[in-house]
Amino acid sequence: MSLLFEPTPDGAGRYLDWILSGLGWTLSLALGAWTIALVVGTLVGVTRTLPKGILPRIGRVYVEVFRNIPLLVQMFFWYFILPELLPVRLGMVIKQMDPPWGSFVPALICLGLFTAARIAEQVRAGLQALPQGQIQAANALGFSRANMYRLILLPQAFRIILPTLTNEFMTIFKNTSVALTIGLVELTATAREINENTFRTFEAFGVVTMVYLVIALIAWQIMHRIERAMCLPSLAGGSSRP
Amino acid sequence: MMVDLSAIAAALPYLLQGLWFTVQITLVGVTGGIVFGSLIAVARLSPNRLISTPATAYVNLMRSIPLILVIFWVFFLVPWAIGWVTRSGRPVAVGASLTIFVTFVLFEAAYYAEIVRAGFRSIAPGQYWACDALGLSKRHAYIYVLFPQAIRNVLPILLTQTIVLFQDTSLVYVISATDLLGAATKIAQRDGRLVEMYLTVGIIYFVLCYAASQFVKELQGRLAYGVR
């Protein structure tokens, strides 16, 4: 592992600095996209449980489109195609963003909206798992629909889906690696660059593999703690989850 | 920006060739992944720690790192590994397709292993006892009694994972392989037709995956009705 402390060819620092920079981009992309995904995913998930109208249909189209196209193709869409389809002036603004923002922003939107579709399905499943009595009771007590979702249904649904959300949260860190295809130098791209500079394949990829393992472990720990803190003894299955 | 349909029509044969490679990766990944994954699942359920611990470690490792990283690992290490096995002392050049097949079997096996293991756990314990009572050997019990039931119980999840695998094949882009997306990229760069090519492959992926996921949903409904 002495590789980490050797100077980089640009003379600006050590390879460790490259790894830390890659880690920084991976974490910011994952956490930023996760925030977008939670907000959009919850909204879309809610629309899918609404009784009728155009909204549930829009929600369904959203989920099907974003789930049935590979993430990498979606990445290319946001990066290469969207600026071409927009009005010329706006397209130019996007294309002329300075690196690394020129690839970070499309990657952020892409990964956020992609993950949102998957969270939406889980939110919908969580909402549909609640007994009908909850909705009837909320109606009887005179809750508006927005308040019913906000105060009664969503808090319970999220507790039900926390274990699957944990899975999704761990996946988003892995999915950030797809952003290397549009030029973001995140962790995996860093490993590739170090390998190209030093030909020390084992060390370069070994270190980055370790970093991903640690990220997975920490992500799991965080979600596990949230799960324990959120668990309600009264909710069936809410207690003593492994 | 105008979309030029004739450019798409001209590219179609090459795209279909790419699609065929995508399908090949998927088929190898599914077959190898389920075989290797089932072995891992059985190993994880073994009472012998020496067998179950490495299997668990393998699954956790593979599930913690991105597929792209695994593709790079295999891409750089398989030539060395073959050189070492054949004692030639230097890396042996291998084709991109071999690298890709190896990667997908190794990677997907970890995911299929978890699904098959869930299948084994969904079988009523009486089935295990009955196998013992009938004097079936462990091997026969797994092959004739437990495995068929486990697979049936998790069939929809296995198929859903296969759709994910089909989408994941697009990541072979990182080693410039010519799958569906790779073919589209090559034409897009040659002719400067990024918009047409990427929209076309997007639609092809969507149609295939949507049809497959609708089929799985249908199957799920039918199985849920018939089982127990």
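Read-outs: derived from the displayed coordinates by stated rules, not from any lab. These figures come from a predicted structure and were not determined experimentally. Cβ placement follows ideal geometry from the backbone for every residue including glycine, while neighbour counts extend to all protein chains displayed.
Quick look at the numbers
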{"quantity": "Helix A:187-198 axis, angle to chain A major axis (alpha carbon atoms, nearest 10°)", "calculated": "10"}
{"quantity": "Value of relative contact order over the range A:42-158, rounded to a whole percent, pairs C-alpha under 8 Å and six or more apart", "calculated": "32"}
{"quantity": "Candidates A:L86, A:L130, A:L108: whichever shows maximal mean-square fluctuation once chain A is modelled as a Gaussian network with Cα springs under 10 Å", "calculated": "A:L86"}
{"quantity": "Shielding by partners - mean other protein chain Cβ count within 10 Å, residues of A:174-181", "calculated": "5"}
{"quantity": "Chain A, relative contact order in percent, only Cα pairs under 8 angstrom and at least six apart counted", "calculated": "26"}
{"quantity": "Rounded to 10°, Cα long-axis angle of helix A:15-47 versus longest principal axis of chain A", "calculated": "20"}
{"quantity": "Kyte-Doolittle mean at least -0.5 and Cα axial length at least 15 Å: DSSP H helices in chain B", "calculated": "B:5-44, B:49-64, B:67-85, B:96-121, B:147-168, B:180-191, B:194-226"}
{"quantity": "Gaussian network model of chain B, Cα within-10 Å springs - most flexible of B:I100, B:I157, B:I123", "calculated": "B:I123"}
{"quantity": "For chain B: relative contact order, % (alpha-carbon pairs under 8 angstrom, 6 or more apart)", "calculated": "29"}
{"quantity": "Peptide B:198-208 - average C-beta neighbours from other chains (10 Å radius)", "calculated": "4"}
{"quantity": "Shielding by partners, peptide B:58-68 (average Cβ within 10 angstrom, other chains)", "calculated": "6"}
{"quantity": "Taking A:W220, A:W34 and counting other C-beta atoms within 10 Å, the order from fewest to most", "calculated": "A:W220, A:W34"}
{"quantity": "Ordering of A:195-206, B:107-118, B:132-143, B:18-29 by burial proxy (mean other Cβ atoms within 10 Å per residue, highest first)", "calculated": "B:107-118, B:18-29, A:195-206, B:132-143"}
{"quantity": "Estimated 222 nm signal from helices in chain B, with DSSP H stretches of n ≥ 4 weighted -39500 (n - 2.57), rounded to 500", "calculated": "-27000 deg cm²/dmol"}
{"quantity": "Cα gyration tensor category, rounded, prolate or oblate, for the protein assembly as shown with a/c compared to 1.5", "calculated": "rounded"}
{"quantity": "Candidates A:P163, A:P106, A:P70: whichever shows maximal mean-square fluctuation once chain A is modelled as a Gaussian network with Cα springs under 10 Å", "calculated": "A:P70"}
{"quantity": "Amide H within-cut-off set for A:R14, under 5 Å, with H built and near neighbours excluded", "calculated": "A:T8"}
{"quantity": "Helix-derived mean residue ellipticity, 222 nm - over chain A, DSSP H n ≥ 4, -39500 (n - 2.57), to 500", "calculated": "-23000 deg cm²/dmol"}
{"quantity": "Label-reachable residues, the range A:165-196, where backbone N falls under 13 Å from a point 7 Å from B:W84's Cα toward its Cβ", "calculated": "none"}
{"quantity": "Kirkwood Rh (inverse of mean 1/r, distinct Cα pairs), chain B, angstrom", "calculated": "19.9"}
{"quantity": "C-alpha long axis of helix A:55-67 to longest principal axis of chain A, angle in °", "calculated": "30"}
{"quantity": "Rounded if a/c under 1.5, otherwise prolate or oblate - the range A:47-164, Cα gyration tensor axes", "calculated": "prolate"}
{"quantity": "Derived scalar couplings ³J(HN,Hα) [the range A:176-182; Karplus, 6.51 cos²θ - 1.76 cosθ + 1.60; whole Hz; x for Gly, Pro]", "calculated": "4, 5, 5, 5, 5, 5, 10"}
{"quantity": "Over 28 Å between alpha carbons, listed pairs B:K138/B:K217; A:K174/B:K138; A:K95/A:K174; B:K186/B:K217", "calculated": "B:K138/B:K217; A:K174/B:K138; B:K186/B:K217"}
{"quantity": "Taking A:M148, A:M210 and counting other C-beta atoms within 10 Å, the order from fewest to most", "calculated": "A:M210, A:M148"}
{"quantity": "Inter-part distance where the range B:4-70 and the range B:91-146 are each reduced to a Cα centre, Å", "calculated": "14"}
{"quantity": "Rounded if a/c under 1.5, otherwise prolate or oblate - the range B:137-228, Cα gyration tensor axes", "calculated": "oblate"}
{"quantity": "Summed residue charge, Cβ within 11 Å of B:V154's Cβ, Lys/Arg positive, Asp/Glu negative", "calculated": "+2"}
{"quantity": "Residue order, fewest to most beta carbons within 10 Å, for B:M197, A:M223", "calculated": "A:M223, B:M197"}
{"quantity": "Spin-label pair A:K95/B:D132, simplified geometry with 7 Å Cα→Cβ offset, distance in nm", "calculated": "7.1"}
